[in-house]
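To start, I am sharing the structure in question, which I have written as structure tokens.
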Amino acid sequence: MPRYFYQAKSLEGKEESGSLIAKNEHQLARTLRKKGYFLISARAEGEEKKGKFKLAKLNIFDKLTGVPFREKLFFTRNLEVMIRTGVPLPRAFVILAQQTKSKKFSEALKKISEEIIKGKNISSALSSFPGIFSSLFRETLKVGEETGKLEDSLKVLAVEMEREYTLRARVKTAMVYPLVILCTTFAIGILMMIVAVPKLKVAFEELNVELPFSTRMILGGADFLTKKWWLALLLAFALVAAVVMGLKSKKGGKIWDTIVLKVPIVSNIVRQTNTTLCLRILGSLLRAGVPIVRALEVASGALTNFYFKHSLSEAAETIKKGGKLSQALKDYEEIYSPMVLQMMEIGEETGETSEILEKLADFYEEELNNATQKLSSIIEPILILIIGGVVGFFAISMMQPLFSVMGGM
């Protein structure tokens, strides 16, 4: 068996170098892992030192679009398996960088590999890419490094990410049907305004009748779309840009979050989604050993709704002053159900907060699944009424002048 000259590092940051006889690099990595070290680099006796790998250029579209959630889930699963089987950390990152379809993600993983070779631990290396790896991801790995159970932390992350992916996919799937119907209706309406309405306008001019306000409004809109289509496109683009920028702003995001929590049907979905994510994140972080104040701060950063984020931030401040989580969240009974607050209080009394939070998350996830399945059947009649009303308004506006002519004959 060959002798390997190696460099390794412990989870505490202590570096180790030397030589060992091993069958291959995998066996060497496993031997060092039993001693509490991760293999950084290895060179067989008589083998020349390998050069550094070259970094690929980033695709401009990857910079704009970010890294898909599925790619990060795939990475987490495989990294856990590679560490368990003894693959050196830098090499594991390089291998996973070659497997990902996202060039932005591939670039980041290669840079992380270089940082680990220079002596950084994983959580510190990941912190250079906050847009890719969330604070939840980094904090969980940090706890794994501190406890010497990095593989277990990655396994927990993979399970939670799978649940989050499934949860978000259910909500998106439930919204696809109404969005498709509305977009199709809008496209048909624009087509009629451009093609059909101008022909009806010619007929009305030949009849020389006085047109009602609704008819004049539709004809004016058709004129604008046909004669100044470029301005219509520019206004549509400006409107979309303004809405997007407004939603991204703090004030605009708060207004939107207020609206979605007031709209019937939608508000129930939003509350259940955010409650499930909140409970799931808090439960997994507390189970991993993260202090409750830090867990609340991380969970607050991971949520999207302003009111849920604010409630956790305020709860963290209350707990710093000696308060309890259940008491801190009682001021937000409009977004948290009484059952959640009561079960949190029981968890604090029994010392099983993380277990109770995870069971609550399972319950609300099932409730959300049932709600999303019913959503399409609830929205369908509402859509029919809306579309029927629009079609009826258009038909009456276009037919009313004809009825006036016929009545005057």
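Looking at segment 134-169, which of its residues are free of Cβ contacts under 8 Å to residues at least 40 places away in the same chain and hydroxyl-bearing (Ser, Thr, Tyr)?
Correct list: 166 only.
On the basis of being under 30 Å from residue 399 (Cβ atoms) and part of a helix (DSSP H, G or I), does residue 210 make the cut?
no
Are any residues in segment 146-200 of a type in the set (Ser, Thr, Tyr), over 30 Å from residue 123 (Cα atoms) and surrounded by 13 or more Cβ atoms within 10 Å (Cβ to Cβ), and if so, which ones?
Result: 173, 177, 185.
Which one of these does residue 303 not meet: (1) in contact with a Cys (Cβ under 7 Å, 6 or more places away or on another chain); (2) surrounded by fewer than 16 Cβ atoms within 10 Å (Cβ to Cβ)?
Condition (2) is where residue 303 drops out.
Among the residues of segment 365-387, is any free of Cβ contacts under 8 Å to residues at least 40 places away in the same chain, among the hydrophobic types (A, V, I, L, M, F, W, C), surrounded by fewer than 19 Cβ atoms within 10 Å (Cβ to Cβ) and under 17 Å from residue 282 (Cα atoms)?
No, every residue in segment 365-387 fails to be free of Cβ contacts under 8 Å to residues at least 40 places away in the same chain, among the hydrophobic types (A, V, I, L, M, F, W, C), surrounded by fewer than 19 Cβ atoms within 10 Å (Cβ to Cβ) and under 17 Å from residue 282 (Cα atoms).
While we're on this one: Could you grab me the full set of residues in segment 316-339 that are closer than 16 Å to residue 295 by Cβ and in a helix (DSSP H, G or I)?
316, 317, 318, 319, 320, 325, 326, 328, 329
Kindly indicate which of 119, 131 is part of a loop (DSSP other than H, G, I, E, B), touching a residue at least 60 places away in the same chain (Cβ under 8 Å) and more than 21 Å from residue 100 (Cβ to Cβ).
Residue meeting the stated conditions: 119.
Yes/no matrix, rows are residues, columns are (1) over 23 Å from residue 131 (Cα atoms); (2) of a type outside the set (S, T, N, Q):
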residue: 245; (1), (2): no, yes
residue: 258; (1), (2): yes, no
residue: 281; (1), (2): no, yes
residue: 293; (1), (2): no, yes
residue: 301; (1), (2): no, yes
residue: 304; (1), (2): no, no
residue: 330; (1), (2): yes, yes
residue: 337; (1), (2): yes, no
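In addition: Out of the residues in segment 378-409 that are modelled with pLDDT of 75 or more and among the polar types (S, T, N, Q), which is nearest to the chain's Cα centre (by Cα)?
Across segment 378-409, the extreme among qualifying residues is 397.
Still on this structure: Could you identify the single residue in 178, 88 that is closer than 30 Å to residue 260 by Cα, touching a residue at least 40 places away in the same chain (Cβ under 8 Å) and outside the structural domain of residue 303 (by TED's automatic domain parsing)? Please lay out each step first, then the result.
Working: 88 fails: closer than 30 Å to residue 260 by Cα.
Only one candidate passes the filter, namely 178.
If residue 239 satisfies every condition in (1) in a loop (DSSP other than H, G, I, E, B); (2) surrounded by fewer than 11 Cβ atoms within 10 Å (Cβ to Cβ) but one, which is the exception?
Failed condition: (1).
Looking at this structure, is residue 214 over 20 Å from the mean Cα position of the chain (by Cα) and in contact (Cβ under 8 Å) with a residue 12 or more places away in the chain?
The answer is yes for residue 214.
Also: Which residue is farthest from residue 25 (Cα to Cα), if the candidates are limited to segment 107-124 and must be buried (at least 22 other Cβ atoms within 10 Å of the Cβ) and among the small types (Gly, Ala, Ser)?
108
The values are calculated or read from the model by the stated rules, or taken from the named source; none is laboratory data. Since the structure is predicted, the reported quantities are computational estimates derived from the model, not experimental observations. Here Cβ is always computed from backbone atoms with ideal geometry, including for glycine, and neighbour counts include all displayed protein chains.
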